[in-house]
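Report on the following structure.
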Amino acid sequence: MMYDPKPEHKFTFGLWTVGNIGRDPFGEPVRAALSPVEIARLLAEVGAWGVNLHDNDLVPIDATPAERDRIVHDFKAALEETGLVVPMATTNLFSDPAFKDGAFTANDARVRAYALQKTMRAIDLGVELGATTYVFWGGREGVESDATKSAPDSIKRFREAINFLSAYVRDQGYDLRFALEPKPNEPRGDIYFATVGAMLGFISTLDHPEMVGVNPEMAHEHMAGLNFLHAVAQAWEAGKLFHIDLNDQVLGRYDQDLRFGSQNIKSAFFLVKFLEDVGYNGSRHFDAHAYRTEDVEGVKDFARGCMRNYLILKEKAARYNADAEIQALLAEITADDGATASYQGPYSRERAAALKAASFDRAALGARGYAYERLDQLTVELLLGVR
Ligand code: GCO
Ligand code: MN
Ligand code: MN
């Protein structure tokens, strides 16, 4: 079927997403915890290609080395059985009370050292499972009050940690790239490097910027009231779109992690269209979870819905690209009669002088209608299924 997920779509879910047990700040879990092996089977059943994990989604933080080996062995057997791959791994540097003031930016130097140790071990685990992307989401790397931590020191500490870990990966000879995931807030009042743009700026200050990119998440940019497509486009244009977290979110609400495509349909459409048009070939990772009202069947509905919505929007994007009226309007909007050709191109003294001397019909420029209402209405009609 047209909207059925296939391996080539590279749909992935974290163990923590379909494994979410529905605890929230006001209520207890509503679903039984599934083992990593059970989650892998569930993901295979709904048609996902891969599964991502935090170290402690798989191996409990207090597991003995023997327990670790047994758990990893069983999980590898489940991967073998289901055909699922592990394209991405990450570290849980936020659940344990030790990280209540952050990990790489914590004020306590022992916490910072422990965070580095934990991440090196988690990198080893991820590589052992086949991961080639390693995500850093600094959930606790922030403050409730700027009285408590120095922002410039935090930036330096975070840089030192990423530099140290980049060097570790190179020293081990691992085939692994880092993807930094920004979020403006939650669980901290304010998290450092709040947006994709902030991360992109930071990356250029690293020792090995070539091995570090970003993992933009739709909900995180929406929480800040930003345009996700613009953030993704900038990351892509900079060669830094190493991974992507897809979900949905209403501005001004708590961290909702809604099913992809369930809320901001137009934003999701232009995002999918962008990813498909440019030929992004990384994972499409759904970092979301089912409503708290759901049982395990509802969790499957949630996961299937994320992938199905992506594929529906992908098909809509192909229609948009093939729609004669829409394409004619776009061609008209960007048409260039060549009248300014001599002013276009790189700077030269001659070109600058000619442009300074040119005359423009400002009134005509201002009087032009762009037909954007028509174009957007056609887009909406296409999305609403009447076109
Ligand atoms: C969140 C984040 C996380 C990270 C995950 C992997 O809002 O909690 O999106 O789900 O993506 O920790 O790095
Ligand atoms: Mn998130
Ligand atoms: Mn995420």
Exercise for review: Convert each backbone phi in region 283-293 into a coupling constant with the Karplus relation 6.51 cos²θ - 1.76 cosθ + 1.60 (shift: θ = phi - 60°), then list the ³J(HN,Hα) values in order as whole Hz, x for Gly and Pro.
Suggested key: 4, 9, 9, 8, 9, 8, 8, 5, 3, 5, 7
Revision key, fill the gap. Here the equivalent ellipsoid of the chain, derived from its Cα gyration tensor, has semi-axes (largest first, whole Å) of 40, 28, 20
**Study point:** Heavy atoms of Asp248: accessible area, 1.4 Å probe, square angstrom to 10
**Key:** 0
Check your understanding: Taking θ as phi - 60°, what are the ³J(HN,Hα) couplings along region 63-72 by the Karplus curve (6.51, -1.76, 1.60), each to the nearest whole Hz, with x for Gly and Pro?
Key -> 5, 7, x, 5, 5, 4, 4, 5, 4, 5
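Provide the net charge surrounding Tyr168, with neighbours chosen by a C-beta distance below 13 Å and charges set as Lys +1, Arg +1, Asp -1, Glu -1.
Numbers: positive: Lys118, Arg121, Arg170; negative: Asp124, Glu160, Asp171, Asp207.
With Lys, Arg at +1 and Asp, Glu at -1, the neighbours total -1.
Around Leu206, under 14 Å between beta carbons, what's the net of Lys plus Arg minus Asp minus Glu among the other residues? Mind dumping the intermediate values first?
Numbers: positive: Lys156, Arg157, Arg159, Arg170, Arg177, Lys240; negative: Glu160, Asp207, Glu210.
With Lys, Arg at +1 and Asp, Glu at -1, the neighbours total +3.
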**Study point:** Distance violations [Cα-Cα > 27 Å] among Lys100/Lys183; Lys6/Lys316; Lys183/Lys316; Lys10/Lys316; Lys10/Lys100; Lys76/Lys118
**Key:** Lys183/Lys316; Lys10/Lys100
Revision key, fill the gap. Once all protein chains are kept in place, Ser262 shows an accessible area at probe 1.4 Å, nearest 10 Å², of 40
Exercise for review: Have a look at Leu258, Val51, Thr133 and report the one farthest towards the positive end of the charge dipole of the chain, computed about the Cα centre with Cβ charges (Lys/Arg +1, Asp/Glu -1).
Suggested key: Thr133
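Trypsin sites (Lys or Arg not before Pro), restricted to region 4-41: which are DSSP loop and have at most 16 other Cβ atoms within 10 Å?
Values: sites: Lys10, Arg23, Arg31, Arg41; in loops: Lys10, Arg23, Arg31.
Passing both the DSSP loop test and the Cβ count: Arg23.
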Revision key, fill the gap. Taking Cα atoms only, helix 265-278 is inclined relative to the longest principal axis of the chain by an angle, in degrees rounded to 10, of 90
Practice item. Using a 1.4 Å probe over the heavy atoms of the protein chains, calculate the carbon and sulfur portion of the accessible area of the chain as a whole percent. Key: 53
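Run through region 280-377 and list the trypsin sites (Lys or Arg not before Pro) located in a DSSP loop whose Cβ has at most 10 other Cβ atoms within 10 Å.
On the way: sites: Arg284, Arg292, Lys300, Arg304, Arg308, Lys314, Lys316, Arg319, Arg349, Arg351, Lys356, Arg362, Arg368, Arg374; in loops: Arg292, Arg368.
Loop-located and lightly packed - Arg368.
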Revision key, fill the gap. Between Trp137 and residues 5 or more places away or on another chain, the pairs with built amide H atoms under 5 Å apart involve Thr91, Glu181
Point to revise | Phe94, Phe99, reordered so the largest accessible area comes first (probe 1.4 Å) | key: Phe94, Phe99
Study note, to complete from the structure: Per residue, accessible area of the chain with a 1.4 Å probe, heavy atoms of protein chains only, in Å², comes to 49
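The values are calculated or read from the model by the stated rules, or taken from the named source; none is laboratory data. Please read these numbers as outputs of a predicted model, since none were measured by experiment. Cβ coordinates were reconstructed from backbone atoms using ideal geometry, including for glycine residues, and neighbour counts include every protein chain displayed. Note: areas computed on protein heavy atoms with side chains; ligands, DNA, RNA excluded. Shrake-Rupley method; radii C 1.70, N 1.55, O 1.52, S 1.80 Å.
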